[in-house]
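Q: Just passing along the structure, written as structure tokens.
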Amino acid sequence: ITNGLLCLGKVFGKDKLVRKLLGCLNDEWEPKVTAIEESKDLKTMEIEELLGSLMTHEVKLNKKSENLVETKPQEERRKDIALKSTHKEEMSSEEELEEED
């Protein structure tokens, strides 16, 4: 969006771009956003530095979720649902109704 606006002549400062990027992240990223806001000077922060920090955090989240999947027992990872077929029962019920008529 900001690149499109840049083509239209709207210029953003580095600090506004950094704030917009942080504002676009969902609730899952809230702890990281808070940590970045508190530990860094957003006015002087480069976008590349922000993206690097966010990408590192994303890699850590992905590894953490992979480890959770690997540590779950086989039964918890795979849950199959078996449904009984009711086709025969329906047929017998329909046949009974026809016989009653």
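The values are calculated or read from the model by the stated rules, or taken from the named source; none is laboratory data. What you see is a predicted model, and the numbers here were worked out from it, not measured in a lab. We work out accessible area using only protein heavy atoms, side chains counted, and drop any ligands, DNA or RNA first. Shrake-Rupley method; radii C 1.70, N 1.55, O 1.52, S 1.80 Å.
Q: Restricting things to alpha carbons, find the Rg to Rh ratio for the stretch 14-70 using the Kirkwood radius for Rh.
A: 1.03
Q: From the cross-link list 16/63; 10/43; 20/40, which pairs have alpha carbons spaced over 23 Å apart?
A: Result: 16/63 exceed 23 Å.
Q: What accessible area per residue, rounded to a whole number of Å², is obtained for the stretch 14-70 using a probe radius of 1.4 Å?
A: 74
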